[in-house]
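The values are calculated or read from the model by the stated rules, or taken from the named source; none is laboratory data. Computed from a prediction, not measured in an experiment: that's the story for all the values here. Every residue, glycine as well, gets a Cβ built from its backbone with ideal geometry; the counts of neighbours run over all protein chains shown. Each accessible area value is taken on the protein alone, full model and side chains, heavy atoms only, with ligands, DNA and RNA left out. Shrake-Rupley method; radii C 1.70, N 1.55, O 1.52, S 1.80 Å.
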Amino acid sequence: MTAPPRSLRARRSCHAVPGSNPRFLDKAQGLDSDQVFLDLEDSVAPIAKADARKNIVEVLNTGDWGTRVRTVRVNDWTTQWTYRDVIEVVEGAGANLDCLMLPKVQTADQVRTLDTLLTQIETAMGFEVGRIGIEAQIENAIGLVNVDAIAAGSPRTETIIFGPADFMASINMKSLVVGEQPPGYDVGDAYHYILMRLLMAARAHDLQVIDGPYLQIKDLDGFRRVAGRSAALGFDGKWTLHPSQIDLANEVYSPLQSDYDHAENILDAYAYYTSEQGGARGAVMLGDEMIDEASRKMALVVSGKGRAAGMQRGDVWSPPRD
Ligand code: GLV
Ligand code: MG
């Protein structure tokens, strides 16, 4: 079984696994996350990176990942590790890999460089050229300033990802608790601008947009609260660092059942009323609500998220009998 095509991949929960820990790499295969990313970057100590590459190649080739999106996070281009990460992982397991995640992206050129290297490896190895996607993680001020160009940097790019911990450090935010409001800031959400900026760049370029980690792994209410903010804005999913966060992420980034049913019903009713049989009308009442073409577009978003999450319809609308 392989992951669905790019545009249909749900990424409500993106589970992070350190590449240096074979036990966690094995365990991750049984978890109910939409995506798994095997890490070579900040969760792996410098002296453990060479072994982590080998562990990751092995587990990608021999593991059972079902339909999960299989991603490896390489080190960023300012380090000495990136080229070897990409070459070893893609040469060794490129046929069993869906995406590479590039952290701390600062410019579109960094995405293009990764694209070029991937194309060379795919060509040399006889893999389908362009199949492996790129996930661009924005983790500093320069990356955010350049996010539109980064989002447009390569046709391989599938997601824009927020890296809150590195980002907070990059802007000197006066806090040590990732994702929570910095003490003293009592006039709104300190992350609102950043989240919105990432969301606009992603939507403008038809990419998914994923929120980063919540490090207080025992605080599930905190996870729900912080995830709920980016989900409400329109983010597609969030990283999970512990299995207990996965079900929560799957729930928070899925529509409520009542909203999913309502969206499907708007689509059915609108299709009926705009047809000849339904009177070829563009604006009609559905219950107490007027629906038109814009309602259809909003409903498509909610139904798309519900379908990608495998939701089933409960209450189903049917046309009036004459
Ligand atoms: C993740 O990489 C982060 O910096 O939050
Ligand atoms: Mg980071």
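Among the residues of segment 175-225, those that are open to solvent by 60 Å² or more (accessible area, probe 1.4 Å), outside any helix (DSSP H, G or I) and in contact with a Leu (Cβ under 8 Å, 6 or more places away or on another chain) comprise L215, I217. Of all residues in segment 268-322, those being open to solvent by 80 Å² or more (accessible area, probe 1.4 Å), of a type in the set (A, V, I, L, M) and more than 20 Å from G234 (Cα to Cα) number 3.
Out of Y253, Y191, one residue alone is within 13 Å of ligand 1 (Cβ to nearest atom) and touching a strand residue (DSSP E or B) at 6+ places or on another chain (Cβ under 9 Å). It is Y191.
In the set I138, I171, I132, only one residue is more than 14 Å from ligand 2 (Cβ to nearest atom) and either of a type outside the set (F, W, Y) or open to solvent by less than 10 Å² (accessible area, probe 1.4 Å) (or both); that residue is I132.
Within segment 102-129, being under 22 Å from M168 (Cα atoms), more than 16 Å from ligand 2 (Cβ to nearest atom) and crowded, with 19+ Cβ neighbours inside 10 Å holds for one residue alone: A108. Evaluate segment 209-229: report whether one residue or more is assigned by TED's automatic domain parsing to the domain that holds D42, in contact (Cβ under 8 Å) with a residue 60 or more places away in the chain and of a type in the set (S, T, Y). So far as segment 209-229 goes, no, none of its residues is assigned by TED's automatic domain parsing to the domain that holds D42, in contact (Cβ under 8 Å) with a residue 60 or more places away in the chain and of a type in the set (S, T, Y). The one condition from (1) within 13 Å of ligand 1 (Cβ to nearest atom); (2) assigned to a helix (DSSP H, G or I) that E135 does not meet is (2).
Summed over segment 235-244, residues that are among the hydroxyl-bearing types (S, T, Y) and either outside the structural domain of H15 (by TED's automatic domain parsing) or in a helix (DSSP H, G or I) (or both) total 1.
When segment 67-101 is examined, which residues are found to be in a helix (DSSP H, G or I), away from ligand 2 (no atom under 16 Å from the Cβ) and open to solvent by less than 10 Å² (accessible area, probe 1.4 Å)?
Listed by number, the residues that qualify are V86, V89, V90, A93, G94.
Scanning segment 24-49 for residues that are open to solvent by 50 Å² or more (accessible area, probe 1.4 Å) and more than 16 Å from ligand 2 (Cβ to nearest atom) turns up F24, D26, K27, G30, D32, I47.
Looking at this structure, is D247 charged (D, E, K, R), in contact (Cβ under 8 Å) with a residue 60 or more places away in the chain and in contact with a Phe, Trp or Tyr (Cβ under 7 Å, 6 or more places away or on another chain)? No, not satisfied. Could you tell me which residue of segment 245-267 is nearest to A10 (Cα to Cα), considering only residues that are open to solvent by 20 Å² or more (accessible area, probe 1.4 Å) and in a loop (DSSP other than H, G, I, E, B)? The qualifying residue nearest to A10 (Cα to Cα) is S254.
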